[in-house]
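Have a look at the structure below before the remarks.
The values are calculated or read from the model by the stated rules, or taken from the named source; none is laboratory data. Nothing here was measured: the structure is a model prediction, and the numbers come from that model. Backbone-built Cβ (ideal geometry, glycine too); neighbour counts: all protein chains shown. In case anyone asks, the SASA skips ligands and DNA or RNA and just uses the protein heavy atoms, side chains included. Shrake-Rupley method; radii C 1.70, N 1.55, O 1.52, S 1.80 Å.
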Amino acid sequence: MAIRNIVKLGEDDAVLHKRARKVEKFDARLHELLADMAETMYAADGAGLAAPQVGVLKRAVVIDVGEGLIELVNPEIVSTEGEVTVIEGCLSVPGRSGKVVRPEKATVRGLNRDGEEVEITGEGMLAVCLCHEIDHLDGIVYVDKMIEDVSDQYEFAKREEQA
Ligand code: NI
């Protein structure tokens with residue numbers, strides 16, 4: 001395992017604005033990528049990380065909102081419920097935070113590292129994180145959809161809010 005460099009917005013960031021490709025091979029290389037992404041996320045004290053954030057245009061994400069590590073490959077949102085305004089940050093946008101409207105509850109289908117189907121329903125922070133990471137796979141960074149930049153008002157401390 002290795003800690004990879006996190007691509008930052010505004011610094012050679014083209015990869016953050018592209019649509020990532022579906023993963024087709026569930027091989028050792030994918031497993032290494034997922035392991036490195038988890039290590040990188042934990043080292044940066046983040047709650048989620050998408051492969052494009054480490055420069056890899058593949059549809060893979062890791063999430064840990066304090067309930068254990070979730071790895072998702074080719075994830076898709078299949079249903080959402082409710083709407084909530086949350087304050088988000090992103091490991092690719094260090095030191096900044098903004099208000100974003102997200103669903104209260106989201107159900108996501110995808111595959112695990114071995115290509116087996118998984119379905120996850122998340123509420124609260126997990127729903128937010130699932131949507132934030134899947135946005136990354138479509139080339140969307142939270143700042144593209146934030147309704148207000150609150151970087152100057154909000155003391156950025158909680159790890160749960162960086163993804
Ligand atoms: Ni992010």
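Just a few scattered comments:
- Flag for G55 being open to solvent by 20 Å² or more (accessible area, probe 1.4 Å) and over 23 Å from P103 (Cα atoms): yes
- Only one of the numbered conditions (1) surrounded by fewer than 16 Cβ atoms within 10 Å (Cβ to Cβ); (2) out of contact with any Lys or Arg (no Cβ under 9 Å at 6 or more places or on another chain); (3) assigned to a loop (DSSP other than H, G, I, E, B); (4) of a type outside the set (F, W, Y) is violated by S151, and that is (2).
- Filtered residues of the stretch 69-85 (kept if open to solvent by 30 Å² or more (accessible area, probe 1.4 Å) and hydrophobic (A, V, I, L, M, F, W, C)): L69, I70, I77, V78, V84
- Meets criteria (open to solvent by less than 30 Å² (accessible area, probe 1.4 Å) and either more than 13 Å from the chain's Cα centre (by Cα) or more than 19 Å from Y142 (Cβ to Cβ) (or both)) for R96: no
- Residue satisfying condition, being surrounded by 18 or more Cβ atoms within 10 Å (Cβ to Cβ), more than 15 Å from the chain's Cα centre (by Cα) and either under 17 Å from N112 (Cα atoms) or of a type in the set (D, E, K, R) (or both), within set L49, L30: L30
- Selection count where residues are open to solvent by 50 Å² or more (accessible area, probe 1.4 Å), touching a residue at least 12 places away in the same chain (Cβ under 8 Å) and not basic (K, R), scope the stretch 4-27: 4
- Some residue of the stretch 117-129 being on the phi < 0 side of the Ramachandran plot, in contact with a Pro (Cβ under 6 Å, 6 or more places away or on another chain) and buried (at least 19 other Cβ atoms within 10 Å of the Cβ): yes
- Elements of the type strands (runs of 3 or more DSSP E) sitting completely within the stretch 61-145 and holding at least 1 residues that are within 15 Å of the ligand (Cβ to nearest atom) and out of contact with any Leu (no Cβ under 6 Å at 6 or more places or on another chain): these cover 70-81, 84-90, 93-102.
- In the condition set (1) closer than 21 Å to Y42 by Cβ; (2) touching a residue at least 60 places away in the same chain (Cβ under 8 Å); (3) not acidic (D, E), L69 is compliant with all but (2).
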